[in-house]
Amino acid sequence: MVSDFVVPTVDISAWVSGERDEQTVRELDLACRTVGFVQIVGHGVPAEVTDGLADAIDGFFGQSLEAKKRWIRPASENRGYSPPKSESLSYSLGVDPVARMNDYFEAYNIGVGKNTWPDEPTAFRPQVEAHFREARRVAETLTSIFAAALGVEPDFFDRIAGNSIDVLRMNNYALEPGEIEPGADLTGMGEHTDFGIVTVLWADQVAGLQVLGTDNVWHDVQPADGALLVNLGDISARLTNDVWMSTLHRVKPPIVGGTIERRRSAAFFHDGNGDALIETLPRFVPEGGVPLYEPITVAEHIAAKLAGSREGHKNTGAVRDAARVLAASPGVTR
Ligand SMILES: O=C(O)CCC(=O)C(=O)O
Ligand SMILES: [Fe+2]
């Protein structure tokens, strides 16, 4: 099948240098309306910072499972280490994964507020913090462009996200050849939408990330050289009555000759202030119509989604997302 699915590339260098360029606003708005994923270039993140992040990820996940398990925290904290198969992201949508707790990604979460830092590797904390600062700067540059695109006051996102409960989730997708059953339908991370305003994703160029297009087909997506992949989350869809897309995605690395190639990513979630009330912007509600979503605070929305993915019960509030997953042709890619 010939597909015209493309993740657009937008250069934000003008906004990074403080210039409110209109062309950038139009390009980003179009990407948000039609795909919900965008390749961001001109973001200004120094190569040393990205290299440091990759080093930190390699150093931490390269340790034994026993060593890593020392950094497990209670699920309610959303911090520290999550071993493989401890979360099932499709539960955040109310969709049963084929087998419960099937996702084999392992992760390490840090974020604003109190954190747990591993003692090894010793450079982990400064390397990860340097990337966290850069990712937050990029997210805030993006929300300035969003404000222009949405026709809201320039300080709109400062008000709903000036004290944002940002989280960085570093993911490692790796299975030893012996751990792979022949014919198994393995999922690195189950299908889900992100919860917040916007996600700034660093990933290496190993295949695995798939994005559900409006054609209902899963498409492979890799970051372009030097680009950060950015996608919208549910809060942006709620603000715009689904005019901006919180696009479904998953990680399903190809199995070649009984092995998968190890893959790494780091997702920075810019979610908004916990107590910010998210209501659809009036200009996105059709004349005489009602918004698709009820007002909700950021904290309430995230709690409902996390309860689904980490504690193993379905999120019954996610009926609309679940319908999209079930409508997609399973496993079909370009
Ligand atoms: O590993 C990836 O590329 C995607 C990760 C992701 O979707 C997430 O952490 O929410
Ligand atoms: Fe995601």
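The values are calculated or read from the model by the stated rules, or taken from the named source; none is laboratory data. Please read these numbers as outputs of a predicted model, since none were measured by experiment. Glycine gets a Cβ as well: all are built from the backbone with ideal geometry, and neighbour counts include every protein chain shown.
Structural remarks
- Checked against (1) crowded, with 20+ Cβ neighbours inside 10 Å; (2) closer than 23 Å to residue 54 by Cβ; (3) within 11 Å of ligand 1 (Cβ to nearest atom); (4) not hydrophobic (A, V, I, L, M, F, W, C), residue 166 meets all criteria but (3).
- Out of 154, 121, sole residue that is part of a loop (DSSP other than H, G, I, E, B), more than 16 Å from the chain's Cα centre (by Cα), away from ligand 2 (no atom under 16 Å from the Cβ) and surrounded by 14 or more Cβ atoms within 10 Å (Cβ to Cβ): 121
- Tally of residues being away from ligand 1 (no atom under 12 Å from the Cβ) and hydroxyl-bearing (Ser, Thr, Tyr) across the stretch 197-207: 0
- Taken over the stretch 229-249, residues that are within 16 Å of ligand 1 (Cβ to nearest atom), farther than 19 Å from residue 217 by Cα and not hydrophobic (A, V, I, L, M, F, W, C) amount to 3.
- Residue within the stretch 271-278 that is at pLDDT 95 or above and in contact with an Asp or Glu (Cβ under 7 Å, 6 or more places away or on another chain) present: yes
- When residues of the stretch 157-191 are limited to those that are of a type in the set (S, T, N, Q) and within 16 Å of ligand 2 (Cβ to nearest atom), the one modelled with the lowest pLDDT: 187
- Within the set 175, 239, the sole residue that is touching a strand residue (DSSP E or B) at 6+ places or on another chain (Cβ under 7 Å) and either free of Cβ contacts under 8 Å to residues at least 40 places away in the same chain or surrounded by fewer than 21 Cβ atoms within 10 Å (Cβ to Cβ) (or both) turns out to be 175.
- Selected residue (criterion: farthest from the chain's Cα centre (by Cα)) from residues of the stretch 253-306 that are charged (D, E, K, R) and away from ligand 2 (no atom under 16 Å from the Cβ): 287
- Restricting attention to the stretch 40-81, the residues that are surrounded by 18 or more Cβ atoms within 10 Å (Cβ to Cβ) and free of Cβ contacts under 8 Å to residues at least 60 places away in the same chain add up to 5.
- Residue in the stretch 221-231 that is of a type outside the set (Ser, Thr, Tyr), more than 21 Å from residue 142 (Cα to Cα) and surrounded by 15 or more Cβ atoms within 10 Å (Cβ to Cβ) present: no
- Residues of the stretch 275-298 that are out of contact with any Pro (no Cβ under 6 Å at 6 or more places or on another chain), surrounded by 15 or more Cβ atoms within 10 Å (Cβ to Cβ) and closer than 19 Å to residue 143 by Cα: 276, 278, 281, 284, 297, 298.
- Of all residues in the stretch 40-55 being hydrophobic (A, V, I, L, M, F, W, C) and in a helix (DSSP H, G or I), the one that is farthest from residue 170 (Cα to Cα): 47
- Qualifying residues in the stretch 208-220 (those that are of a type outside the set (S, T, N, Q) and surrounded by fewer than 17 Cβ atoms within 10 Å (Cβ to Cβ)) - the one farthest from ligand 1 (Cβ to nearest atom): 215
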